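Heads up: the structure comes next, in structure tokens.
The values are calculated or read from the model by the stated rules, or taken from the named source; none is laboratory data. Computed from a predicted model, the values in this text were never measured in an experiment. Cβ coordinates were reconstructed from backbone atoms using ideal geometry, including for glycine residues, and neighbour counts include every protein chain displayed.
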Amino acid sequence: MVKTLKFLFGVQKNTIKKILLSATFIAIILSAIILVSQSLNQQNKKIKILIVAGHEPNAGGADEFKAIKERDLNLQLSNILKDMLSTNPNLEIITARDSSGWNTDLKNYIETNSTTIMEWASAMKNKMMGKVDAGKIELIDPNMKHNNATTNAILYLFGTNKWIEKNNIDLVLHIHFNSNPKINGKPVFRGYCMYIPEKQYSNSTSSRIFANYLNTEISEIEKPSNMLQEKDLIIEDQQLIATGVYNTLKIPVVVVEYAYIYEPMMLSSSTRNIFIEKAASSTAIAINNYLSRNK
């Protein structure tokens, strides 16, 4: 009887061990499946790119030269660039505005959260000023004086930064064309330049890497700016809302000034359209190169 009990107990013990080992093995397999699934989901996740055609639709604040309006050029380039990038199945291209006006989701978010947005911007400013007072950040005056933005433009710029954070955007490009200043009223400047966050900002390094790719391609179609304040071409700036003033952006962002709107190739619609097409193509190549080499 004792032997029988020992035998039975031994069988039960072995069985329990097998069950436990099986359960452990199954748990390991399930964990592996979950990890692989998460990895595949991450690999299959589309990269979100926001293209911002500079300035408000049908509003002031943008440069004009004769009948040429900067905000229209910005939008034209933005639309072409979106079409080019949309051929890449790994990208989700979002524009801040199109020919109909503001992106509906962006506009609704900003208009229904205007107070929250400006309170957030104020809090970010206070946080930065605290670091300035503690000697952790140095305030840097920009080489280039920027135009004063309207109250609505400020709201939309900060609102866009907050919306970017909310929607997990991965990369931002602001499209602009240059105009002022002139010398004695004459349009004498030409060339491209771009702006990135100042080096003390958290997204400065990644933004410079992105800007380097843009610089490589755009330099093939346009000369560097001949304006003294733009001689660096990739210009660090601490005060532009678009590049994340007060550290309101954490992702790579570049503001490109593709050319001066009064340059010879911009005065005729035919040559202007050719240049904008080339600018969009160069930008698309730069973005694809940047993403493929900086995963």
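Report whether or not Gly185 is at pLDDT 95 or above and farther than 23 Å from Asn294 by Cα. When the stated conditions are applied, Gly185 does not pass them. Taking the criterion of being in contact with a Leu (Cβ under 9 Å, 6 or more places away or on another chain), over 18 Å from His174 (Cα atoms) and polar (S, T, N, Q), the residues of the range 80-130 that qualify are Asn88, Asn90, Ser114.
Out of the residues in the range 182-228 meeting the condition of being aromatic (Phe, Trp, Tyr) and in a loop (DSSP other than H, G, I, E, B), tell me which one is nearest to the chain's Cα centre (by Cα).
My answer is Tyr201.
Rundown of residues vs (1) touching a Phe, Trp or Tyr at 6+ places or on another chain (Cβ under 8 Å); (2) surrounded by 11 or more Cβ atoms within 10 Å (Cβ to Cβ), yes/no style:
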{"site": "Thr112", "(1), (2)": "no, no"}
{"site": "Thr115", "(1), (2)": "no, no"}
{"site": "Met124", "(1), (2)": "yes, yes"}
{"site": "Met129", "(1), (2)": "no, yes"}
{"site": "Asp133", "(1), (2)": "no, no"}
{"site": "Glu138", "(1), (2)": "no, no"}
{"site": "Asn143", "(1), (2)": "no, yes"}
{"site": "Asn148", "(1), (2)": "no, no"}
{"site": "Ala153", "(1), (2)": "no, yes"}
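One line per residue, one yes/no per condition, for (1) modelled with pLDDT of 95 or more; (2) assigned to a loop (DSSP other than H, G, I, E, B); (3) among the polar types (S, T, N, Q):
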position: Ile93; (1), (2), (3): yes, no, no
position: Asn126; (1), (2), (3): yes, no, yes
position: Ile140; (1), (2), (3): no, yes, no
position: His146; (1), (2), (3): no, yes, no
position: Thr160; (1), (2), (3): yes, no, yes
position: Val172; (1), (2), (3): yes, no, no
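Among the residues of the range 231-261, those identified as of a type outside the set (Gly, Ala, Ser), more than 20 Å from the chain's Cα centre (by Cα) and surrounded by 21 or more Cβ atoms within 10 Å (Cβ to Cβ) are Tyr260, Ile261. You will find that of Ser281, Ser270, the residue that is of a type outside the set (Lys, Arg) and closer than 15 Å to Met84 by Cα is Ser281 and no other.
Take the residues in the range 266-284 that are surrounded by fewer than 17 Cβ atoms within 10 Å (Cβ to Cβ) and of a type in the set (A, V, I, L, M); name whichever of them is farthest from Leu171 (Cα to Cα). Looking at residues that are surrounded by fewer than 17 Cβ atoms within 10 Å (Cβ to Cβ) and of a type in the set (A, V, I, L, M), I get Leu267.
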